[in-house]
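Written out below as structure tokens is the structure these notes cover.
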């Protein structure tokens, strides 16, 4: 079973135009100040936003308000949990019908996975910080509380993985088994004209900060939205150089992965049947991609890494 995880993650930002006018004036709808809901409807990924918080069987997500500190809470059927704290320099609201005042606001959204391959093993959520003008803060902090054994690992694409080692009995001389508890998607930001704005994460100890680079030509509102994907039982296999060479042979790929069934089952716990089923259902195309990736890894002097159950391969620096 994965260690209990308490983490804080995810942010986004929106800035809106101000509108003046007399109380008796008739305001045209096209020039009226938009509600937070309207701003979010125009943000990237809005088509994946769901009303229901129960997105995946045996996984749940909800908003908790404990001692006036709001957070998004993830939990699976085994009691493994993770929380996303809201930034202290933005006021929390769940009323997105309102328009923006003078202070930053933060709200939450629940989203369906980006890819069909995630649908059985991931649940995602994001927080949206609404910034009223260029005078407001351009960076927001999210505390990450990670128990012993779970590490935050930056990815090449700018995202971050929260990784726990697999059980000791799952490790072999040629394959390292790990559990990716959650993934923080790469940070992004766009202005009111749809132009991308530079934004990045900085991880300092237990604090994750997203910074957004406004300048004189930035068109408001601005939307910045990293997203957190709660994996639950996502398994990661990192192969040695010797095993990577072997995985170039398409005929041994599935046999090689299935041969690790006991190790995968030990790491996945109750989720093992779903993972094994996904491995057996791997298409010929997936096998071909794995073989090609392994071949490229050998040519680069690096090693193969394979995500289970998505069967998505990547090339990484060899660990053994």
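The values are calculated or read from the model by the stated rules, or taken from the named source; none is laboratory data. Computed from a predicted model, the values in this text were never measured in an experiment. Here Cβ is always computed from backbone atoms with ideal geometry, including for glycine, and neighbour counts include all displayed protein chains.
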Quiz item: Is at least one residue of region 47-63 closer than 18 Å to residue 130 by Cβ, surrounded by 14 or more Cβ atoms within 10 Å (Cβ to Cβ) and at pLDDT 75 or above?
Solution: yes
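Residues are listed down the side, and each one gets a yes or a no for (1) in a helix (DSSP H, G or I); (2) assigned by TED's automatic domain parsing to the domain that holds residue 110; (3) at pLDDT 75 or above:
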| site | (1), (2), (3) |
| --- | --- |
| 218 | no, yes, yes |
| 226 | no, yes, no |
| 248 | no, no, yes |
| 253 | yes, no, no |
| 264 | yes, no, no |
| 289 | yes, no, yes |
| 304 | no, no, yes |
Exercise. May I ask you to list the residues in region 188-215 that are in a loop (DSSP other than H, G, I, E, B) and either crowded, with 24+ Cβ neighbours inside 10 Å or at pLDDT 85 or above (or both)?
Key: 197, 198, 213, 214, 215
Quiz item: Does residue 81 fit the bill of being over 30 Å from residue 220 (Cα atoms), surrounded by 14 or more Cβ atoms within 10 Å (Cβ to Cβ) and either touching a strand residue (DSSP E or B) at 6+ places or on another chain (Cβ under 8 Å) or modelled with pLDDT of 80 or more (or both)?
Solution: yes
Practice problem: Search region 149-174 for residues being in contact (Cβ under 8 Å) with a residue 40 or more places away in the chain and more than 21 Å from the chain's Cα centre (by Cα), and hand back the single one that is surrounded by the most Cβ atoms within 10 Å (Cβ to Cβ). | Solution: 170
Quiz item: Within region 122-138, can one find any residue that is assigned to a loop (DSSP other than H, G, I, E, B), surrounded by 21 or more Cβ atoms within 10 Å (Cβ to Cβ), assigned by TED's automatic domain parsing to the domain that holds residue 46 and at pLDDT below 85?
Solution: yes
